[in-house]
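Reviewing the structure listed below.
The values are calculated or read from the model by the stated rules, or taken from the named source; none is laboratory data. All values reported here derive from a predicted model rather than from experimental measurement. Virtual Cβ from ideal backbone geometry, glycine too; neighbours counted across all protein chains shown. These area figures cover heavy atoms from the full protein model, side chains too; ligands, DNA and RNA do not enter into them. Shrake-Rupley method; radii C 1.70, N 1.55, O 1.52, S 1.80 Å.
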Amino acid sequence: MRLRRIFDWAAIAFAALVLAASAHSQGVYPSKPIRMVVGFPPGGGMDLSARVYSAKLQEALGTPIVVENRPGGTGLLAGEHVAKSAPDGYTLLVGASGQMTINPVLMAKHPYDPVRDFAAITTLAQFPMVIAVNPSFAAKSLAELIALAKSRPGELNYSHGGATHQVAAEMFNQAVGIEMRNIPYKGGAPAVNAAVAGDVPIVIVDSAAANAQIRAGRLRVLAVTSAQRTPLVPDTPTVAESGVPGYDISVWAGLFAPAETPPAIVARLYQEASRAMNAPDTRERLKNIGMDPGGMAPERLAAMIKADIAKYGAIVKAAHIQ
């Protein structure tokens, strides 16, 4: 971890050199408002991370930054829009891990290539998912949920707000030998609301989207999907601790520009995002919504996306996820 930090800070220094060397040929950036496009509704993890960073980047760049929600197709509409936008640094994508690494292996005709059609900038935040239930639901633990699902195969429904949530759920189904049915919603917040309202008994969603309802007692968390517990619900065990060894999947939010965006602009955005995420107030805001700051360098993010597409492709194939 320490070595990775050194590499990332070296990348920031290199970004500053690139920016200085090419500023005279690129003109002043930015000179007009920037749009940060989110492929999910307001209230979910991607939207919340975008709003934390848009405020800080607006201060640093000296120009308005507008968060624009374009939900639909588990991020496809937003991703396609940004991929086809002018590569000038004024239209950016806040891309979810599932949107960039799972959608491409789930869909035969994906409208864009997450590696070829985007310039990776950095990860903004990372956070686990939660397996949570309506407080009136019978199961009080993950073991009780598994036992109930086994006694009622194919009868229990869970809501989710995107491809990553579904893959996490299907990984869980396969690992413990149960069959819960997925009910998709257009984002984490609507999926959470469905569970709170009792439309579905179970929700599998990112912790940021569920944070407010968990704190209010309107959802009961049974487990978190990451390898480590989260400060959001420190007394809640991980799935692995609950009897599913090796289970580990989390969500990240990344910042992307269209491919062929000038390297100096990518370097400037990476540099300012890195500064923002190391500010104490940013870290506190992220902590309050159940997130950890990101900071991955552009080349590392691009490499991780390639590796994750291969990894999740194998999982999707094995689980027969359509």
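Tell me the relative contact order for the chain as a rounded percent, counting alpha carbon contacts under 8 Å between residues six or more apart. Relative contact order here is 28 percent. Whole Å is fine, so just give me how far the alpha carbon centre of the range 239-282 lies from that of the range 75-152. That distance is 13 Å.
The alpha carbons of the range 58-163 stretch over 56, 37, 20 Å along the principal axes, in descending order.
Model label sites at residue 77 and residue 197, defined 7 Å from Cα along the beta-carbon direction, differ in position by 1.8 nm.
Give me log10 I(q)/I(0) at q = 0.13, 0.26 Å⁻¹ for the range 138-194, Debye formula, one equal scatterer per alpha-carbon, no solvent. The Debye formula, applied to the Cα set alone, gives -0.32, -1.08. For a 29 Å ceiling on Cα separation, which of these pairs sit above it: 84/287; 32/311; 84/306? Long pairs (Cα-Cα over 29 Å): 84/287; 32/311. Taking a straight line from the alpha carbon of residue 150, these lysines sit under 24 Å away, with near neighbours fewer than eight places off in the same chain left out: 140, 317. With semi-axes defined as the square roots of five times the eigenvalues of the C-alpha gyration tensor, the equivalent ellipsoid of the chain measures 35, 19, 18 Å, largest first.
Over the Cα atoms of the range 95-244, what is the Rg over Rh ratio if Rh follows Kirkwood? That ratio is 0.98, to two decimals.
Helix 45-61 and the longest principal axis of the Cα set of the chain meet at an angle near 20°. For the chain, the solvent-accessible area with a 1.4 angstrom probe is 42 square angstrom per residue. Cross-link partners for residue 186 among the aspartates and glutamates, with Cα-Cα distance under 19 Å and sequence neighbours closer than 8 places in the same chain left out: 47, 68, 80, 170, 199, 206.
Its alpha carbons give the range 260-322 an Rg and a Dmax of 16.2, 44 Å.
I'd like the per residue volume of the convex hull spanned by the Cα atoms of the range 145-234, given in cubic angstrom.
Hull volume normalised by residue count: 93 Å³.
Mean-square fluctuations from a GNM of the chain, with a 10 angstrom spring cutoff on Cα atoms, peak among 287, 109, 140 at 109. Farthest toward the positive end of the dipole of the range 226-300, out of 286, 273, 258, is the Cα of 273, where the dipole comes from beta carbon charges about the Cα centre. Each Lys and Arg contributes +1 and each Asp and Glu -1, all at the Cβ; summed about the Cα centre of the range 243-322, the dipole is approximately 80 debye.
Of the heavy-atom accessible surface of the range 138-270 (probe 1.4 angstrom), what whole percent is carbon and sulfur?
Of all accessible area on the range 138-270, carbon and sulfur atoms account for 49 percent.
Surface calculation, 1.4 Å probe, protein heavy atoms: residue 265 sits at approximately 20 Å² accessible. Say we join alpha carbon atoms closer than 10 Å with springs in a Gaussian network model of the chain; which of 122, 282, 164 then has the biggest fluctuation? In this elastic network of the chain, the residue with the biggest mean-square fluctuation among 122, 282, 164 is 282. Cα extents for the range 171-322 along the principal axes, largest to smallest and rounded to whole angstrom: 49, 38, 29.
For the residues 147, 276, 194, a GNM of the chain with alpha-carbon springs under 10 Å puts the largest fluctuation on 147.
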